[in-house]
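The structure under discussion appears below in the form of structure tokens.
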Amino acid sequence: MLEIKGLRAAVGDKEILAGIDLTVPDGEIHAVMGPNGAGKSTLSYILSGRDGYEVTGGAVSFDGEDLLAMAPEARAAAGIFLAFQYPIELPGVGNANFIRTAVNAVRRARGETEMDTVAFLKEARNAVKALAMPDDMLKRNVNVGFSGGEKKRNEILQMTLLKPKLALLDETDSGLDIDALRIVAGGVNAARGPKFSALVITHYQRLLDYITPDRVHVLAAGRIVRSGGPELAVELEQHGYGGLGAA
Amino acid sequence: MSGTAYATKFLDRIDVASLPGDQEARQSALAAFFSTGWPDRKHEAWHYTDLNARMRGFADEALATRMLRPELPSVDIPRLVFVNGVLDKTLSSDALNFLQTRGIPEQKTSSLPIVALNAAITLGGADLKVSAGQNAGTILLVSVGSGDGLAIAPRHRITLEKGSNLTVIEVIRGAGRYLHVPVTEINVGDGGTLRHFRLQEESRDSVHVATVLATIAESATYETFTLGVGASLARSEFHVTLGGGGADVQLNAAQLLTGTQHGDVTTIVAHEAPGCTSRQTVKSVIDGSARGVFQGRIEVARIAQKTDGYQMNQALLLSDSAEIDSKPELEIFADDVKCSHGATIGALDPEQIFYLRSRGVSEKDARAILIRAFLHEALEPITDYVARPIFEAAIQSWRWGASG
């Protein structure tokens, strides 16, 4: 379970998050919606441990542990996964090797045995097929020469194989056509279960047509200004974010 | 002490007159050496590499050899092992018809001072000769330096006759404080292919200056990769002449430097026939307050039309006090050529490190993965299944990103 209490954060002198309270219980999918500049990506980066943000107040716990005190790799081992809005290219690093290294690093940290290449590749190939990715996706260098849609699918591929407890999906829908959106949503829905939760960060409602959230939160000017059920996403789609910032 | 005093004092201890072989030739090589003297920073070719400074104290070492049982790559291929410049028969394979050891070579003087020095003091080396049309497979050539205050000067020769093939994996290792100046003369005949993979893992107290003098004939291929991780000061200097039409040279190198190491890769690739191709990729990974040097010259003679020459030098600096000096030069006298060079200097990308860490990979491993990725392009051409793991292991065991 993720519990965010009064989280404030700044970049330099500029406050981006102005006191966020948000709880995501196990097994639930929550959407965070909001206009550009509301602090959505900052929230996902802070939760995953990226440098460059100063937490100026509040606390975040994950399964009772102080998340903000953990190194990024420790957060991954604890079960947090960030699907990047702009996945990073790693020239010279093969995709299969990269994911297997990650899977085994996480397994080691959790005290599990490492996966051998054969077992890993079998599982990876199945996941590649389920995401309708080209066969050579595992052989290519990480995200190098991938289309926008392939990069996003590659994030979901990593999520599928890393089996996180909490996935942070940062604008995973941006740049996806409707078919790709459906496939990506399918990957998330396949992970759904009592031990899996997700924070789906998005500007638009359309991803939520395929991933039905348990709760929807509206983030504006660094604060959660409204929370509700899935119907809130529909309402936002119809009326926009106008006026919410001051609410 | 400035100039070449340390080096000169060191050389004074070597009694050339007591060495076997053609004394007259040795003395003339020595004279050639003294006509230029120890290279110092006033020599243009040595402007960035101060050999003398690294030889401080060498002359004060009590001469001693160490009984080092060299740890050799556990690969089941024919091998020749030289310890302190002399063939160790117990460690070497026999019954190889194309392998011979070279006696004391006919001494040739050279305008390159270190090559002249080698000629004056060498005790011989490997002499590999592959007859026309023969495929001689892969052999391991090992040079071990073992001791203090020694000057070790193997003189190897590799000759491929018309249409023959050979792969040489050269491993250079050692323990102690010594000067190692191997010279390798290479001749690849028409249509022949020599693959020459070199791993320099010298003692961290040693000074290593290797010179490769290669001539590549018509439609022949010379493919070489050098990985340098050892020595206090290391220089790998290549003089490669593409002497026949359609010759192809791939000259790649990588150096991993840390602490106060100094690593120098110097290449002179001379296109002296038309329609030849040369490709060079040289990568330096530099940590601590180490310093890397790349000097690369492509010379294209008037006759060498349709030359295709390419040179890329890239450095990855892992600390604020790491340094790279890069000096590419093109000297072109033909008018219909394609020649290019490029250089990049960078640091590890924090975004890439974070991406890996967000997947559970430790920061140390993330850096290692990215350094290996940086080297990928230079390593990729090593398709030989015996050579590749030797180089991968050497890179793996390098102390990643630790500040020196």
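The values are calculated or read from the model by the stated rules, or taken from the named source; none is laboratory data. No experiment lies behind these values; they were computed from the predicted model shown. Here the Cβ positions follow ideal geometry from the backbone for every residue, glycine too, while neighbour counts run over all protein chains shown.
Per-structure values
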| read-out | value |
| --- | --- |
| The stretch B:391-401, subset assigned to a helix (DSSP H, G or I) and more than 14 Å from chain A (Cβ to nearest Cβ), residue surrounded by the fewest Cβ atoms within 10 Å (Cβ to Cβ) | B:ALA393 |
| Residue in the stretch B:10-30 that is among the basic types (Lys, Arg) and in contact with a strand residue (DSSP E or B) (Cβ under 8 Å, 6 or more places away or on another chain) present | no |
| Number of the exception - A:ASP66 against (1) under 18 Å from the mean Cα position of the chain (by Cα); (2) free of Cβ contacts under 8 Å to residues at least 12 places away in the same chain | (1) |
| Long-range neighbours under 8 Å by Cβ, at least six apart or interchain, first residue at the interface with another protein chain (Cβ under 10 Å from one of its Cβ atoms) and within 16 Å of A:PHE196 (Cβ to Cβ) within the stretch A:138-164, second at pLDDT 95 or above and in a loop (DSSP other than H, G, I, E, B) | A:GLN158/B:ARG359; A:LEU162/B:ARG359; A:LEU162/B:GLY360; A:PRO164/A:GLY79 |
| Subset of the stretch A:147-182 (residues that are crowded, with 18+ Cβ neighbours inside 10 Å and polar (S, T, N, Q)) | A:ASN154, A:GLN158, A:THR160, A:THR172 |
| Yes/no for B:ALA231 being closer than 23 Å to B:GLU202 by Cα and crowded, with 24+ Cβ neighbours inside 10 Å | yes |
| Criterion violated by B:GLU299 - all others in (1) surrounded by fewer than 24 Cβ atoms within 10 Å (Cβ to Cβ); (2) under 24 Å from B:ALA373 (Cα atoms); (3) charged (D, E, K, R) satisfied | (2) |
| Residue satisfying all of: in the stretch B:337-375; hydrophobic (A, V, I, L, M, F, W, C) and farther than 25 Å from A:GLU155 by Cα; farthest from the chain's Cα centre (by Cα) among these | B:VAL337 |
| Qualifying residue in the stretch A:57-69 (condition: within 14 Å of chain B (Cβ to nearest Cβ) and either crowded, with 17+ Cβ neighbours inside 10 Å or modelled with pLDDT of 95 or more (or both)) | yes |
| Which numbered condition B:LEU213 misses (of (1) closer than 19 Å to B:GLY145 by Cα; (2) touching a His at 6+ places or on another chain (Cβ under 6 Å)) | (1) |
| Selected residue (criterion: farthest from the chain's Cα centre (by Cα)) from residues of the stretch A:70-86 that are more than 9 Å from every other protein chain (Cβ to nearest Cβ) and buried (at least 18 other Cβ atoms within 10 Å of the Cβ) | A:ALA78 |
| Single residue of the stretch B:208-228 satisfying the filter (buried (at least 24 other Cβ atoms within 10 Å of the Cβ) and aliphatic (A, V, I, L, M)) that is farthest from B:VAL181 (Cα to Cα) | B:ALA220 |
| Condition met for B:THR184 (modelled with pLDDT of 95 or more and under 30 Å from B:PHE58 (Cα atoms)) | yes |
| Residue match in the stretch B:310-324 (condition: within 12 Å of chain A (Cβ to nearest Cβ) and under 30 Å from A:ARG110 (Cβ atoms)) | no |
| Filter result (over 28 Å from B:ASP50 (Cβ atoms) and either among the acidic types (Asp, Glu) or under 25 Å from the mean Cα position of the chain (by Cα) (or both)) within the stretch B:1-34 | B:ASP22, B:GLU24 |
| Residue that is nearest to the other protein chains (Cβ to nearest Cβ) [pool: residues in the stretch A:87-121 that are in contact (Cβ under 8 Å) with a residue 60 or more places away in the chain and out of contact with any Asp or Glu (no Cβ under 7 Å at 6 or more places or on another chain)] | A:ALA102 |
| Residue, nearest to the other protein chains (Cβ to nearest Cβ), within the stretch B:346-369, restricted to residues that are in contact with a Phe, Trp or Tyr (Cβ under 8 Å, 6 or more places away or on another chain) and closer than 15 Å to B:LEU256 by Cα | B:ILE369 |
| Residue list for the stretch B:182-202, filter: assigned to a loop (DSSP other than H, G, I, E, B) and surrounded by fewer than 24 Cβ atoms within 10 Å (Cβ to Cβ) | B:GLY189, B:ASP190, B:GLY191 |
| Extreme residue, nearest to A:LEU168 (Cα to Cα), among residues of the stretch B:359-404 that are modelled with pLDDT of 90 or more and of a type in the set (Val, Ile, Thr) | B:VAL361 |
| Per-region count, the stretch B:18-51, residues under 22 Å from B:ALA62 (Cβ atoms) and either among the β-branched types (Val, Ile, Thr) or surrounded by fewer than 13 Cβ atoms within 10 Å (Cβ to Cβ) (or both) | 1 |
| Residue match in the stretch B:370-390 (condition: within 24 Å of A:SER48 (Cβ to Cβ) and either surrounded by fewer than 16 Cβ atoms within 10 Å (Cβ to Cβ) or more than 12 Å from every other protein chain (Cβ to nearest Cβ) (or both)) | no |
